[in-house]
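The values are calculated or read from the model by the stated rules, or taken from the named source; none is laboratory data. The model shown is predicted, which means the values in this text are computed figures rather than measured ones. FYI the Cβ positions are ideal-geometry reconstructions off the backbone, even for glycines, and counts take in every protein chain you see. What goes into the accessible areas is simple: the full protein's heavy atoms, side chains included, and nothing from ligands, DNA or RNA. Shrake-Rupley method; radii C 1.70, N 1.55, O 1.52, S 1.80 Å.
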Amino acid sequence: MKRFYLFLIILCMLPAVVSAQQLARVENVKFKSEYFPFEREILVYTPTWYDENDQTALDVIYVFDSQMRSHFGLVYGLLDEIQYEGEDMLPFIVVGVVSPFVPDMNYNRNNDFLPVPEKFTPSEPYYGSADNLRKHLENEVMPYIDSNYRTSGHTLAVGHSLGASFVLDSFASHNLFDDCIAISPNFTWDENRFANSFLNCDYSNGKPHYIFLSMANESEQTGWPAQWREAWDFVKGKVASEPHPENVRILVNEYPDFSHMRCYVEALTDALPLYAMYRHTTAFTDSVAHPVHIELSGSWLNGDVFITGNQPQLSNWNPQGVKMNKIDDTTYTIDLDLMLPAEFKFTQGSWDNQIGLSNSYNGNQRIYKPSDANKHYSAD
């Protein structure tokens, strides 16, 4: 109950977020999509000091059912609190995906999340556009986000109910997201179609993946079809009994004291901190070295400056690591071949003499992709 009231307080505070550069902000973006005969909408949250910290790329979290603004606001409100729990915890860009209600076309969120069924014909018409939503995301929304914001290339999707089913299917069968949080997914639709999709996921690419699955008190006793719980129990049993690769972390939680809607707050409270810690403690997996140019400037710098980080080329976190080249009284540079993502810090020979930066978030600095491998940091 205390956590519930905490989130009410956070939600009450959210309208106070303004558009000054140093503060967090939310932007509304509308698309004339080639995949839909109506306008699509997304919300984009950028964290505090995003504009000023222009040398930091951030992971992107896609939140579905963001026509319910509380779903969207709870994610970035909680993440804003998580950021302060550790010095190496970077913030996130959060994108709210809005499912429209179009009465004249008999269209609602179920159309967005459900594909054309393969094994039965539902009595209601609310299905069939899941593939179009995926194309809209892959070909319109994600390129827009990557082009207009500083993104790491890593994505998490958050979905609830049918939104969770869509998220899992898009992750498992279409490689649309790297990680997912699926809260009370419908596994039983179209004869366990989403359950089979998730259980048949191919993890052989070796990439790290974080998957959080949860279910509330949905059962016959609370008015839900027996098949809903049976499909969940089947998936839960398979996850528990069958080994998965070391690069994959699957967490399964149940919330028997909470209803289908009410569990959203509880599940997010558990899933998001674990995800944030997971993302910032995973080792690099790229075996190919990429050329990287790093420059550090600061009017107060003097003496030797070192860079150290998460691989042998960066001295494996030895604080008196790789000595940077002094160009003049205020500028140091270095060119290295690094495996990505590369994590590093600047020191003057010890952890007690770390160099803080004014144009990048505190903690470990990161280079995620070759296109972002030319960095110019400022210590002023």
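Any of Lys32/Lys369; Lys135/Lys207; Lys32/Lys135; Lys119/Lys236 with alpha carbons more than 25 Å apart? Name them for me.
Going by Cα-Cα distance, Lys32/Lys369 fall outside the 25 Å limit.
In the chain, what % of DSSP beta bridges are antiparallel (nearest 5)?
Here the antiparallel bridges make up roughly 50 percent for the chain.
Using the Cα centre of region 129-207 as the reference point, and only Cβ charges (+1 on K/R, -1 on D/E), how large is the resulting charge dipole? Debye, rounded to the nearest 20.
Dipole magnitude for region 129-207 comes out near 140 debye.
Please give the FRET efficiency for Met105 paired with Glu81, using the beta carbon to beta carbon distance and R0 = 30 Å, rounded to the nearest 0.05.
The computed FRET efficiency comes out at 0.15.
For the chain, give the magnitude of the charge dipole about the Cα centre (Cβ charges: +1 Lys/Arg, -1 Asp/Glu; no others), in debye to the nearest 20.
Roughly 220 debye for the chain.
If all Cα-Cα distances of region 247-380 are sorted into 10 Å bins from 0 onward, what percent lands in each bin, rounded to whole numbers?
11, 35, 25, 14, 10, 4, 0
At what distance in nm do the modelled label points of Trp224 and Asp304 sit from each other, each positioned 7 Å from its Cα along Cα→Cβ?
According to this spin-label approximation, the distance is 6.1 nm.
With a point put 7 Å past each Cα toward its Cβ, work out how far Gln320 is from Asp146 in nm, to one decimal.
Between Gln320 and Asp146, the label points sit 4.3 nm apart.
Hey, got the dipole for region 252-352? About the Cα centre, +1 on K and R Cβ, -1 on D and E Cβ, debye to the nearest 20?
60
What is the calculated FRET efficiency for Lys207 to Glu41, with r their C-beta to C-beta distance and R₀ = 35 Å, to the nearest 0.05?
0.70
Just name one of Val305, His290, Ser219: the one whose Cα is farthest towards the positive end of the charge dipole of the chain (beta-carbon charges, Lys/Arg +1, Asp/Glu -1).
Checked the options; the winner is Ser219.
Is the shape of region 89-186 best called rounded, prolate or oblate, per the rule: a/c under 1.5 gives rounded, else a/b larger than b/c gives prolate, else oblate, with a ≥ b ≥ c the square roots of the Cα gyration tensor eigenvalues?
Cα axes put region 89-186 in the prolate bin.
Can you give me the distance in nm between label points at Asp131 and Ser70, each placed 7 Å from the Cα along the Cα-to-Cβ direction?
For Asp131 paired with Ser70, the spin-label model returns 3.6 nm.
Compute the projected area of the convex hull of the Cα atoms of the chain, averaged over all viewing directions, and report it in nm² to one decimal place.
Its average projected convex-hull area is 20.7 nm².
Give the relative contact order (percent, whole number) for region 38-94; include only Cα pairs under 8 Å separated by 6+ residues.
Dividing the mean separation by the residue count of region 38-94 yields 47 percent.
So with the 1.4 Å probe, I'd like the accessible area per residue for the chain, rounded to whole Å².
Result: 44 Å² per residue.
Go ahead and run the numbers for FRET between Ser358 and Asp335, Cβ-Cβ distance against an R0 of 25 Å, rounding to 0.05.
The formula returns an efficiency of 0.60 here.
Of all the accessible heavy-atom surface of the chain, with the other protein chains kept in place and a 1.4 Å probe, what percent is carbon and sulfur?
50
How high is the relative contact order of the chain, in percent, with contacts defined as C-alpha pairs under 8 Å that are six or more residues apart?
The value is 13 percent.
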